[in-house]
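Reading through the structure tokens given below for one structure.
The values are calculated or read from the model by the stated rules, or taken from the named source; none is laboratory data. Everything quoted here is computed from the prediction, not taken from an experiment. Here the Cβ positions follow ideal geometry from the backbone for every residue, glycine too, while neighbour counts run over all protein chains shown. Please note that ligands, DNA and RNA were not included when accessible areas were found on the heavy atoms of the full protein model with its side chains. Shrake-Rupley method; radii C 1.70, N 1.55, O 1.52, S 1.80 Å.
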Amino acid sequence: MRKKIAAANWKMNLLQNEGKALINQLLATLPPLSEARQVVIAPPFVQLSQAAQLLSGHAHIHAAAQNCATEQSGAYTGEVSAGMVKDAGAAYVIIGHSERREYYQEDNATLVKKSDIALANGLQVIFCCGEPLSIRDEGTQNNYVETQIREGLFHYDAAQLKNIVIAYEPIWAIGTGRTASAAQAQEMHAHIRSVIAGKFGHDAAADMSILYGGSVKAANAKELFSCPDVDGGLVGGASLVAEEFTGIIDAMVNC
Ligand code: PEP
């Protein structure tokens, strides 16, 4: 089912008590959610169980991991498996965030392994794609993102695709305060949807949730989320501030 989602990516921020306080603040002002209007919160691994417990009993607001290992279990010091993420109570995992691609050299082949193992463990995948500034300046961003999707997702079938959400995050807009314009976001989201339609058919494409990420704030969320192919956002910095993220949730619910 195509759903709107406001997803918070806390990255490597907040201590346990701060994370707890933020979730409690969000829960206190949460508008009515539904299967079609969801909130996702991705804290650091060490807070995943706490977040899942705080969110349990609140429908349609889910915990997510920011990453998972390529392997199921074993001698992989420092890694956290998809099974552990699921066991901690998470429903989603973010795969392929540009910071993972850039700082931890995660290429498309690695991301395929991560998505495969996440799906096999019953997690839903938020698959990130997006171009760097040099590609945007060259004007080849459509091809660039299409390749990421082809190499990351085209080996799935339409049934598996139902457990995948795409997040388009232009790297030049992440944490920079420079948001893609609503027109730029809509153009790329429509392109992504047409790429999905070309491979999986129009029904699968119409069903796909495609989130925008890159300096989303309460002040610009409504304009971005009103675009016909933008189904909500993956939010970094602004998700750490209760009033900001609440404003983004409200925009998601009302668009
Ligand atoms: C992100 O990290 O996914 C992100 C979009 O960050 P920010 O909202 O801070 O640009």
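Looking at this structure, is Ala185 out of contact with any helix residue (DSSP H, G or I) (no Cβ under 9 Å at 6 or more places or on another chain) and either modelled with pLDDT of 95 or more or more than 16 Å from the ligand (Cβ to nearest atom) (or both)?
So Ala185 fails the test.
If I go through the stretch 93-115 residue by residue, how many of them are open to solvent by less than 20 Å² (accessible area, probe 1.4 Å), assigned to a helix (DSSP H, G or I) and among the charged types (D, E, K, R)?
Within the stretch 93-115, residues that are open to solvent by less than 20 Å² (accessible area, probe 1.4 Å), assigned to a helix (DSSP H, G or I) and among the charged types (D, E, K, R) number 1.
From the list Gly122, Gly152, exactly one residue is within 24 Å of Met12 (Cβ to Cβ) and either away from the ligand (no atom under 15 Å from the Cβ) or under 17 Å from the mean Cα position of the chain (by Cα) (or both). Which is it? It would help to see each step written out before you state the result.
Numbers: Gly122 fails: within 24 Å of Met12 (Cβ to Cβ).
The match here is Gly152.
Quick one: which residue in Ala90, Ala118, Ala75 is closer than 21 Å to Val165 by Cβ, hydrophobic (A, V, I, L, M, F, W, C) and part of a loop (DSSP other than H, G, I, E, B)?
After ruling out the rest, the residue left standing is Ala90.
Within the set of pairs 6+ apart or on separate chains, which have a first residue in the stretch 157-180 that is within 16 Å of the ligand (Cβ to nearest atom) and of a type outside the set (A, V, I, L, M), a second that is part of a loop (DSSP other than H, G, I, E, B) and open to solvent by 50 Å² or more (accessible area, probe 1.4 Å), and C-beta atoms under 7 Å apart?
Going by the 7 Å Cβ cut-off, the qualifying pairs are Trp172/Arg178.
For the stretch 200-227, what are the residues that are over 16 Å from Asp250 (Cβ atoms) and of a type in the set (Gly, Ala, Ser)?
Residues satisfying the conditions are Gly201, Ala204, Ala205, Ala206, Ser209, Gly213, Gly214, Ser215.
Being in contact with a Lys or Arg (Cβ under 9 Å, 6 or more places away or on another chain) and open to solvent by 10 Å² or more (accessible area, probe 1.4 Å) is the filter; apply it to the stretch 205-234 and report the residue that is nearest to Pro132 (Cα to Cα).
Only one residue tops the list, namely Ser215.
Six or more apart or on different chains, Cβ atoms under 6 Å: show the pairs whose first residue is in the stretch 203-220 and within 13 Å of Val241 (Cα to Cα) and assigned to a helix (DSSP H, G or I) and whose second is within 12 Å of the ligand (Cβ to nearest atom) and open to solvent by less than 20 Å² (accessible area, probe 1.4 Å).
Partner pairs satisfying both residue conditions: Ala218/Ile248.
Assess whether Glu146 counts as being more than 16 Å from the ligand (Cβ to nearest atom), charged (D, E, K, R) and modelled with pLDDT of 95 or more.
Numbers: more than 16 Å from the ligand (Cβ to nearest atom): yes; charged (D, E, K, R): yes; modelled with pLDDT of 95 or more: yes.
Yes; evaluated as a whole, the condition is true for this residue.
Which residues, counting only those in the stretch 188-212, are out of contact with any helix residue (DSSP H, G or I) (no Cβ under 8 Å at 6 or more places or on another chain) and within 16 Å of the ligand (Cβ to nearest atom)?
His189, Ser209, Leu211
Mind checking which residues of the stretch 19-40 are touching a residue at least 40 places away in the same chain (Cβ under 8 Å) and either of a type in the set (A, V, I, L, M) or not in a strand (DSSP E or B) (or both)?
Correct list: Leu22, Gln25, Leu26, Thr29, Leu30, Pro31, Pro32, Leu33, Val39, Val40.
Please pick out the residue among Val216, Val241, Val230, Val253 that is β-branched (Val, Ile, Thr) and under 30 Å from Ala120 (Cβ atoms).
Only one candidate passes the filter, namely Val230.
Being in contact with a helix residue (DSSP H, G or I) (Cβ under 7 Å, 6 or more places away or on another chain), surrounded by 19 or more Cβ atoms within 10 Å (Cβ to Cβ), among the hydroxyl-bearing types (Ser, Thr, Tyr) and touching a residue at least 12 places away in the same chain (Cβ under 8 Å), is that true of even one residue in the stretch 133-145?
No, there is no match, as no residue in the stretch 133-145 is in contact with a helix residue (DSSP H, G or I) (Cβ under 7 Å, 6 or more places away or on another chain), surrounded by 19 or more Cβ atoms within 10 Å (Cβ to Cβ), among the hydroxyl-bearing types (Ser, Thr, Tyr) and touching a residue at least 12 places away in the same chain (Cβ under 8 Å).
For the subset of the stretch 224-245 comprising residues that are within 15 Å of the ligand (Cβ to nearest atom) and over 15 Å from the mean Cα position of the chain (by Cα), which member is nearest to Met188 (Cα to Cα)?
Checked the stretch 224-245; the qualifying residue nearest to Met188 (Cα to Cα) is Leu224.
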